[in-house]
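This report refers to the structure that appears directly beneath it.
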Amino acid sequence: MAKMTAAEAAVHVLEKEGVTRLFGIPGAGINALYAALKKRNSMKHVLARHGEGISHMAEGYTRAAAGNIGVGLCTSGPAATDMITGLYSAHADSTPILVVTGQAPRARLFKEDFQAVDIEKIAAPVTKWAVTVREPAQVPRVFQQAFHLMRSGRQGPVLIDLPLDVQMAEIEFDPETYAPLEVYKPRATRIQIEKALGMLNDAEKPLIISGGGVILAEASALLTAFAEILGVPVVPTLMGWGAIPDDHDLMAGQVGLQAASRYGNANMLASDFVLGIGNRWANRHTGTLEVYTRGRRFVHVDIEPTQIGRVFGPDYGIVSDAGTALEMFIEVAKEWKQAGRLKDRSAWVAECLNRKRTMLRRTDYDNVPIRPERVYQEMNRFFGKDVRYVTSIGLSQIGAAQHLHVYHPRHWINCGQAGPLGWTISAALGVRAADSAGEIVAVSGDFDFQFMIEELAVGAQFKLPYMHVVVNNAYLGLIRQGQLGFGDLDYCVQLSFENINAPEINGYGIDFVKVVEGLGCKAIRVFRPEDIRPAFEKAREWMKAFSVPVVVEIILERATNIPMGSDIDKINEFGGALDISE
């Protein structure tokens with residue numbers, strides 16, 4: 001045993017749990033922990049510019065690689081409350097991040113002390129656990145429990161609040177004998193797997209829905225192998241995109257009201273059975289349940305018991321980690337295939353493939369100002385199969401999801417359920433902190449880009465280069481399109497104005513090139529479609545030369561209606577559909 005401050009013990013636990021990177025902003029309430037970090041000097045620290053940015057960087061870091069736990073640090077009061085949006089986003093998307101907040105000394109709690117807020121109660125609804133540690137000797141075990149909870153069952157965030165006097169108190173702790181707690185993952189039984197597989201085998205046109213839980217379980221290869229044994233097409237959700245490569249014959253497209261392919265929705269509507277693995281039946285995926293469920297049976301496999309039946313009651317449910325379930329599915333499927341029990345699905349696969357070849361959307365527009373579809377066409381042609389895309393919300397995300405291609409797990413990184421504007425820049429920096437070598441491309445609309453734009457300075461200071469494609473129509477585009485249902489309202493959604501300092505941008509408002517350059521990064525503005533690819537080439541050169549984020553701003557036509565609808569059988573293509581004959 002050794003005497004040390006509780007803050008020093010916390011640092012030892014972080015080390016033992018594998019933490020090597022921190023995102024944070026120091027302050028009076030947490031400086032004792034920062035002193036312990038400096039004493040150990042074992043972790044790299046990225047200084048954010050805003051509390052919310054800290055939590056989104058941690059999200060991006062966790063999402064980029066298996067085993068990562070993004071850790072955010074900040075002081076008390078408003079710094080802590082700034083983190084709530086990021087905790088909500090992480091909780092909604094089952095992303096384990098640890099947020100450690102400073103707090104006023106225990107004797108001054110609940111006395112309206114300066115920057116003392118009950119963050120434990122505020123954070124409770126958007127975390128797996130939020131706790132203010134009131135006894136110094138509990139600090140190392142609270143941190144141990146935090147990592148155990150973050151990694152066990154349905155993964156998610158934890159907040160630990162540390163009063164300043166707790167951080168500074170001396171305790172006994174032996175870091176040499178510390179060991180992480182064993183992670184808990186529920187496992188399907190063989191009889192459950194056999195029942196589910198039997199139901200699938202009885203169907204004529206089955207699909208597998210692959211959710212984000214497959215990627216969290218590092219089970220993408222297992223998913224593909226299982227689909228290949230059965231010969232059953234796979235529909236990835238937006239959070240599960242990349243679990244099976246887009247160019248795989250069994251990748252049947254995405255389903256949904258917005259971020260979906262035409263052929264994906266058509267394949268879903270033609271199916272008679274769905275096996276969902278690690279997904280949560282999100283409303284943007286399903287639309288009206290009466291349409292989504294009509295004429296088909298469902299089996300749902302999820303790690304969280306209360307997820308089964310939350311949105312609708314499946315015909316059969318299994319509580320299991322996606323990876324262990326897929327391992328057993330493969331074992332049983334191989335036995336059944338060898339025994340000749342599996343149906344031949346070649347005709348169904350051919351039907352789905354035909355839709356994938358023919359039910360497309362047009363992208364080859366030459367318009368000036370540029371149509372967004374052309375941007376994604378150029379991105380597909382320029383970036384290779386190993387690129388990582390990062391995006392958050394809005395027409396930019398929807399258009400990207402409709403047109404881009406993803407070939408690997410953790411190469412489409414977006415916020416799914418919460419959808420906070422401003423997520424993209426911070427998350428992309430977190431992804432870059434986790435992946436020092438790969439190509440990282442973020443996609444934002446102009447409004448998303450304005451939120452948290454100050455975090456670009458973090459990329460400049462800490463040499464975290466990535467390419468950020470900003471599709472700028474000077475509009476709240478998704479809100480404008482939603483207002484079409486209110487008599488073409490178009491109210492309070494225009495961001496354009498005549499910038500007296502930048503007449504060359506023709507009333508598009510903010511001069512993003514100057515703002516980006518002022519934050520220490522590089523930027524290129526594009527007006528014509530033929531200039532998009534050269535801009536990408538220049539951005540690559542600048543990233544290599546300067547090691548900072550490079551923004552490619554593409555001036556779009558003001559109003560483009562992106563395909564979407566009220567149900568998966570009622571998608572308005574707005575004239576962009578293509579039907580290619582054989």
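The values are calculated or read from the model by the stated rules, or taken from the named source; none is laboratory data. Keep in mind that this is a model prediction, so the values were computed, not measured. Reconstructed Cβ throughout: ideal geometry from the backbone, glycine too, with neighbour counts over all protein chains shown. Accessible surface is based on the protein model in full, side chains and every heavy atom, while ligands, DNA and RNA are left aside. Shrake-Rupley method; radii C 1.70, N 1.55, O 1.52, S 1.80 Å.
Looking at the range 300-312, which of its residues are over 15 Å from Gly153 (Cβ atoms) and surrounded by 23 or more Cβ atoms within 10 Å (Cβ to Cβ)?
Within the range 300-312, just His300 meets the criteria.
If I filter the range 6-49 down to residues being in contact with an Asp or Glu (Cβ under 6 Å, 6 or more places away or on another chain) and modelled with pLDDT of 95 or more, which single residue comes out as farthest from Thr132 (Cα to Cα)?
Arg49
Six or more apart or on different chains, Cβ atoms under 6 Å: show the pairs whose first residue is in the range 144-158 and touching a residue at least 24 places away in the same chain (Cβ under 8 Å) and whose second is part of a loop (DSSP other than H, G, I, E, B) and among the polar types (S, T, N, Q).
Close Cβ pairs (under 6 Å, with a partner that is part of a loop (DSSP other than H, G, I, E, B) and among the polar types (S, T, N, Q)) amount to Arg154/Ser94; Gln155/Ser94; Gly156/Ser94; Pro157/Thr127; Val158/Thr127.
I'd like the full set of residues that are open to solvent by 70 Å² or more (accessible area, probe 1.4 Å), closer than 15 Å to Leu164 by Cα and not acidic (Asp, Glu), limited to the range 116-139.
Across the range 116-139, the qualifying residues are Arg134, Ala137, Gln138.
Exactly one of these conditions fails for Thr286: (1) open to solvent by less than 10 Å² (accessible area, probe 1.4 Å); (2) in contact with a strand residue (DSSP E or B) (Cβ under 7 Å, 6 or more places away or on another chain); (3) of a type outside the set (Gly, Ala, Ser). Give me its number.
Here Thr286 meets the rest and fails (2).
Going through the range 403-415 one residue at a time, which ones are within 28 Å of Arg371 (Cβ to Cβ) and either at pLDDT 95 or above or surrounded by fewer than 23 Cβ atoms within 10 Å (Cβ to Cβ) (or both)?
His403, Leu404, His405, Val406, Tyr407, His411, Trp412, Ile413 - these are the residues of the range 403-415 that are within 28 Å of Arg371 (Cβ to Cβ) and either at pLDDT 95 or above or surrounded by fewer than 23 Cβ atoms within 10 Å (Cβ to Cβ) (or both).
Filter the range 140-198 down to the residues that are of a type in the set (D, E, K, R) and in a helix (DSSP H, G or I), then identify the one that is most open to solvent (accessible area, probe 1.4 Å).
Glu176
Tell me, please, whether a residue that is closer than 16 Å to Glu327 by Cα, among the small types (Gly, Ala, Ser) and out of contact with any Ser or Thr (no Cβ under 9 Å at 6 or more places or on another chain) can be found in the range 230-253.
no
Looking at the range 417-461, what helices (runs of 4 or more DSSP H) fall wholly within it and have at least 2 residues that are in contact with a helix residue (DSSP H, G or I) (Cβ under 7 Å, 6 or more places away or on another chain) and closer than 17 Å to Ala401 by Cα?
423-434
Look at the range 334-391 and say how many of its residues are more than 21 Å from Gly264 (Cβ to Cβ) and of a type in the set (S, T, N, Q).
So the answer is 2.
Give the number of residues within the range 498-509 that are over 15 Å from Val471 (Cα atoms) and either surrounded by 14 or more Cβ atoms within 10 Å (Cβ to Cβ) or polar (S, T, N, Q) (or both).
The total comes to 4.
Somewhere in the range 520-535, is a residue more than 24 Å from Arg381 (Cα to Cα), open to solvent by less than 60 Å² (accessible area, probe 1.4 Å) and touching a strand residue (DSSP E or B) at 6+ places or on another chain (Cβ under 9 Å)?
Scanning the range 520-535, I find at least one residue that is more than 24 Å from Arg381 (Cα to Cα), open to solvent by less than 60 Å² (accessible area, probe 1.4 Å) and touching a strand residue (DSSP E or B) at 6+ places or on another chain (Cβ under 9 Å), so the answer is yes.
Looking at (1) farther than 19 Å from Ala32 by Cβ; (2) free of Cβ contacts under 8 Å to residues at least 40 places away in the same chain, find the lone condition where His45 falls short.
All conditions are met except number (1).
Looking at (1) under 16 Å from the mean Cα position of the chain (by Cα); (2) part of a loop (DSSP other than H, G, I, E, B); (3) hydrophobic (A, V, I, L, M, F, W, C), which is the one condition that is false for Ile215?
(2)
Run down Leu395, Leu342, Leu326 and say which single residue is under 30 Å from Thr85 (Cβ atoms) and not β-branched (Val, Ile, Thr).
Leu395
Could you list all residues from the range 373-406 that are under 16 Å from the mean Cα position of the chain (by Cα) and aromatic (Phe, Trp, Tyr)?
If the condition is that a residue be under 16 Å from the mean Cα position of the chain (by Cα) and aromatic (Phe, Trp, Tyr), then Tyr389 is the only one that fits.
Within the range 466-497, work out how many residues are of a type outside the set (D, E, K, R), open to solvent by 60 Å² or more (accessible area, probe 1.4 Å) and in a loop (DSSP other than H, G, I, E, B).
The number of residues fulfilling the criteria is 4.
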